[in-house]
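The structure under discussion appears below in the form of structure tokens.
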Amino acid sequence: MKTCPKFTFGVGDRFAHGAHAQLQAFIAAKELGIDICPTWNKSNREHDIIGSEPQSTRDAADKAVADLTWEGEYLLDADHINLTTVDRFVAPCNFFTLDVADDIGAAADPADIEAFIQKHPELIGSISIEGIEKPLEISRDLVKQTADQFLKATQKARAIYDHIVSAKGGIDDFVTEISMDETDKPQVPAEMLIILAAIADQGIPIQTIAPKFTGRFNKGVDYVGDVAQFEQEFNDDLSVLAHAIKTYGLPESLKLSVHSGSDKFSIYEPIKKAIARTGAGLHIKTAGTNWLEEVIGLATAGGDGLELAKEIYAKALEKKEALCEPYATVIDIDHSKLPPIEEVNGWSSEQYVSALTHDQSNPGYNPNFRQLLHVGFKIAAQMGDRYLDALKANEEIISQCVTNNLLERHMKPLFAQE
Ligand SMILES: [Zn+2]
């Protein structure tokens with residue numbers, strides 16, 4: 001097993017042009033004493049939509065690391081892969097996010113469920129967990145229900161893990177994450193404990209786990225939900241993880257992973273407090289926000305850049321149903337509040353940038369506009385070289401946007417100690 005650094009920070013480089021600007025943010029953070037490991041992640045879905053290969057993300061990252069002489073560790077995440085999609089990620093990646101969402105709720109063999117319950121009498125009853133005020137009350141029924149929901153998914157995770165080990169030639173020198181975030185129902189701490197016991201039974205050296213938390217984690221916009229409840233749940237999950245490490249022999253480096261983590265400004269303070277208090281690690285993914293910074297950079301540049309940004313919106317609006325469909329669980333767009341094309345075509349740079357930039361104090365900010373563009377990267381992919389040439393022509397201004405967004409709006413609020 002490759003030991004995962006304590007703090008890993010996922011960035012997305014959809015068009016393989018942003019790695020240098022992203023790495024600059026990590027370098028600047030390091031100078032401020034914030035030690036976080038860059039983790040380039042791009043999901044199978046994103047590769048499919050763009051028509052790219054995982055090796056291109058690796059190449060861009062390697063080049064940035066060499067050019068900027070980054071001497072720290074860095075990781076390449078095969079994000080949300082499963083047994084049918086993992087193969088092309090095996091060679092370029094050293095972090096694998098096993099997505100078992102499709103198997104949540106799928107029936108496991110009843111004999112396996114019964115065996116799991118028999119094996120874990122310690123899960124039933126009143127369970128005191130250090131850091132959680134009241135003991136977790138877990139009935140046999142809850143263990144059975146949770147096993148019904150998740151046991152099959154953990155078995156599937158084992159199959160994917162084994163497949164990666166054998167495809168890598170029997171070497172386990174990668175980080176394993178299990179993600180359950182792209183599902184309908186949040187997992188409460190008691191379920192988390194039962195799931196971790198099942199993962200330990202499967203012998204998967206899991207180092208990060210992405211639960212679905214309460215509240216909405218919509219792409220590129222702030223958390224929607226009860227912040228106090230999130231804080232409680234996040235802290236309880238940390239306690240459950242620490243307990244599971246001791247009880248089930250899971251890796252010491254096991255930590256929580258927050259997916260769709262960009263722009264969740266209202267929960268950064270609770271997360272920061274929780275990791276400072278407990279000494280826990282964290283993995284956070286912020287991938288899609290980088291592509292939006294490219295569009296913001298183009299719009300800021302004005303001229304052809306602004307025209308291209310308008311064209312991207314016009315096409316995204318035309319194809320909004322198809323673009324939104326794969327992201328239904330992670331966006332909330334009020335279609336009546338999407339500005340008409342004619343209106344956007346009349347916008348200045350400042351108006352476009354105001355609408356797109358996530359600044360809740362700016363009356364021009366439009367989260368519906370932002371979310372549609374967030375899922376609209378396919379439009380830029382279809383523009384091919386026209387889009388890539390625009391990125392090159394406006395590289396300086398875009399790089400500033402990308403670096404600044406990561407450093408000032410994400411890394412510092414999450415990790416900087418006052
Ligand atoms: Zn996810």
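Only bridges with both residues in the chain count here: give the DSSP antiparallel percent, nearest 5. Roughly 10 percent of the beta bridges in the chain run antiparallel, per DSSP.
Taking 19 Å as the straight-line reach from the Cα of residue 119, the aspartates and glutamates in range (excluding those fewer than 8 positions away in the same chain) are 109, 137, 141, 148, 191, 201. Multiplying the residue separation of residue 1 and residue 382 by 0.36 nm and subtracting their alpha-carbon distance yields 133.3 nm. The residue list 242, 220, 196 was ranked by how far each Cα lies along the charge dipole of region 190-278 toward its positive end, using unit charges on Cβ atoms, and 220 comes out on top. Structural descriptor for region 245-355: relative contact order 23 percent, calculated from alpha carbon pairs under 8 angstrom and at least 6 residues apart.
Using alpha-carbon positions, what is the distance between the centroids of region 99-125 and region 324-383, in Å? Answer, in whole Å: 42. Take the residue pairs 212/378; 6/320; 264/337; 6/315; 30/156 and return only those whose Cα atoms are more than 30 Å apart. Listed pairs above 30 Å: 6/320; 6/315; 30/156. Please identify, among 305, 203, 169, the residue showing maximal mean-square fluctuation in a Gaussian network model of the chain using a 10 angstrom Cα cutoff. The residue with the greatest mean-square fluctuation here is 169. Note on surface exposure: 40, 347 rank 347, 40 by accessible area, highest first, 1.4 Å probe. The stretch between residue 184 and residue 133 holds 15.6 nm of extra length on full extension. This uses 0.36 nm per residue minus the Cα-Cα distance. Couplings for region 53-63, taken from phi via the Karplus curve 6.51 cos²θ - 1.76 cosθ + 1.60 with θ = phi - 60°, read 10, x, 4, 5, 5, 4, 4, 5, 5, 4, 5 Hz in order; Gly and Pro are left as x. With R₀ fixed at 41 Å, the C-beta to C-beta distance from residue 328 to residue 229 puts the FRET efficiency at about 0.95. Accessible surface for residue 193 stands near 0 Å², nearest 10, in the context of the full protein assembly shown (1.4 Å probe). Of the whole protein surface, residue 365 contributes about 30 Å² of accessible area at a 1.4 Å probe radius. Only protein heavy atoms count here; on that basis, with a 1.4 Å probe, residue 49 has an accessible area of about 40 Å².
For the chain, with a Gaussian network of springs between Cα atoms less than 10 Å apart, report the residue from 175, 224, 86 with the top mean-square fluctuation. With Cα springs under 10 Å in the chain, the top fluctuation among 175, 224, 86 is at 224.
What FRET efficiency do you get for residue 416 and residue 118 if R0 is 60 Å and r is their Cβ-Cβ distance, rounded to the nearest 0.05? Computed FRET efficiency for residue 416 and residue 118: 0.80. Subtracting the Cα-Cα distance of residue 266 and residue 348 from 0.36 nm times their residue separation leaves 26.5 nm of extension gain.
Ranking 347, 280, 416 by how far each Cα lies toward the positive end of the dipole of the chain (charges on Cβ) leaves 280 at the top. Taking H as built 1.01 Å from N, whose amide H comes closer than 5 Å to the amide H of residue 35, not counting residues under 5 places away? Amide H neighbours of residue 35: none.
Taking each DSSP H run with n ≥ 4 as -39500 (n - 2.57) and averaging over every residue of the chain yields -15000 deg cm²/dmol at 222 nm. FRET efficiency for the pair residue 173 and residue 278, taken as 1/(1 + (r/R0)^6) with r the Cβ-Cβ distance and R0 = 30 Å, rounds to 0.60. Over the chain, the Kirkwood radius and the radius of gyration, each from Cα atoms, give a ratio Rg/Rh of 0.97.
The values are calculated or read from the model by the stated rules, or taken from the named source; none is laboratory data. Fair warning: this is a prediction, and the values are worked out from it, not measured in the lab. Neighbour counts are summed over all protein chains in view; Cβ atoms, including those assigned to glycine, are modelled from backbone coordinates with ideal geometry. All accessible areas refer to the heavy atoms of the entire protein, side chains included, with ligands and DNA or RNA removed. Shrake-Rupley method; radii C 1.70, N 1.55, O 1.52, S 1.80 Å.
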